[in-house]
1. Taking the stated definitions as given, is residue 272 within 25 Å of residue 99 (Cα to Cα) and crowded, with 18+ Cβ neighbours inside 10 Å?
2. Can you tell me which of 256, 248 is within 19 Å of the chain's Cα centre (by Cα) and under 30 Å from residue 306 (Cα atoms)?
3. Only one residue in 196, 144 is more than 10 Å from ligand 1 (Cβ to nearest atom) and either outside the structural domain of residue 218 (by TED's automatic domain parsing) or within 28 Å of residue 92 (Cα to Cα) (or both), so which one is that?
4. Before we move on, is residue 157 under 20 Å from residue 251 (Cα atoms) and at pLDDT below 95?
5. Confirm whether residue 290 is under 17 Å from residue 183 (Cα atoms) and surrounded by fewer than 23 Cβ atoms within 10 Å (Cβ to Cβ).
6. All but one of (1) outside any loop (DSSP other than H, G, I, E, B); (2) more than 16 Å from ligand 2 (Cβ to nearest atom); (3) surrounded by 14 or more Cβ atoms within 10 Å (Cβ to Cβ) hold for residue 198; which doesn't?
7. Check every one of the helices (runs of 4 or more DSSP H) wholly within the stretch 239-332 and list those with 3 or more residues that are more than 16 Å from ligand 1 (Cβ to nearest atom) and not assigned by TED's automatic domain parsing to the domain that holds residue 138.
8. Please state which of the following conditions residue 86 fails to meet, knowing it meets all the rest: (1) under 26 Å from residue 128 (Cα atoms); (2) outside any loop (DSSP other than H, G, I, E, B).
Ligand code: KG4
Ligand code: ZN
């Protein structure tokens, strides 16, 4: 088959991202404009602010991605875009930009699921091997997904309330750490002790729940404060992180065993967590599981992962027309 070069657009949350990817694996450019600085003072992503930043930045980021790839739209075979799930106003900016490009340059338009993108971030350094289990841990998602072939997704577990990254960010706020809190909690956790005995919320099957754990952290701090006691923030971080890691790894390795899967991929922003990586590494080695986690810039939201997944949608002849709409929720 001839080379297929795809321009991919991702604006589902607070990164305006555009990438040019060839044949699903060769990343010719990966441009990202992060809005973290703008959202910091609000302690989280403000949807309207995100949409406005996407509008301001999208054309520059597209131009940068094409320039870095040293390519023009004439060499692009298709335009891919994240269809959902995500913030609706944010998604629509990327979708409208992608539609305009596709229409004006007469290119097919390919809708991509954001989580499929996170999974395909692992396909860039080394091809995915099936069957595999994917653990997706980000600010918006906590899911366990089995894949037996390209674009064949079986969701076996997901969060019933907060995503794990969301819990990290909320706990971080209660101990006065800046947004996004995950990396700060991770860093502090390494200096503290798991002394607070937070619950390990384990549900039946493979679903997760993190809102109870988050409340346990807030209540514990509140009760201690009322008694005039203080808790070292590093112990809060270490105790919270220990609970999260216990729950995530327990469910993940149970699923690998039950479904007889030896290939584990981990993706999403929380895959950057040092404590989680270390535990996954150790458990995978013990059990002869092949563990793969993408490099940091491909763990967090980016468009290269959308371009990687889009190649398989392209081959499968999945196309959208100009009626494509953003979807804040969307099944995988
Ligand atoms: O995948 P991502 O960039 O965006 C979403 O699609 O949500 O994930 C962002 C999330 C944030 O909640 C952030 O706090 C968390 O990933 N995160 C971390 C770490 N680095 C980023 N959480 C725990 N430990 C980290 N080292
Ligand atoms: Zn994401």
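1. Numbers: within 25 Å of residue 99 (Cα to Cα): no; crowded, with 18+ Cβ neighbours inside 10 Å: yes.
Here the answer is no, as residue 272 does not meet what is asked.
2. Values: 256 fails: within 19 Å of the chain's Cα centre (by Cα).
The match here is 248.
3. Details: 196 fails: either outside the structural domain of residue 218 (by TED's automatic domain parsing) or within 28 Å of residue 92 (Cα to Cα) (or both).
After applying the criteria, what remains is 144.
4. Answer is no for this residue.
5. On the way: under 17 Å from residue 183 (Cα atoms): no; surrounded by fewer than 23 Cβ atoms within 10 Å (Cβ to Cβ): yes.
When the stated conditions are applied, residue 290 does not pass them.
6. The failed condition is (1).
7. Working: elements: 274-286, 296-299, 304-315.
In the stretch 239-332, the matching helices (runs of 4 or more DSSP H) lie at 304-315.
8. Against the list (1) under 26 Å from residue 128 (Cα atoms); (2) outside any loop (DSSP other than H, G, I, E, B), residue 86 comes up short only on (2).
The values are calculated or read from the model by the stated rules, or taken from the named source; none is laboratory data. Note that the coordinates shown come from a computational prediction; the quantities given were computed from them, not determined experimentally. Neighbour counts run over all protein chains shown; Cβ positions are idealised from the backbone, glycine included.
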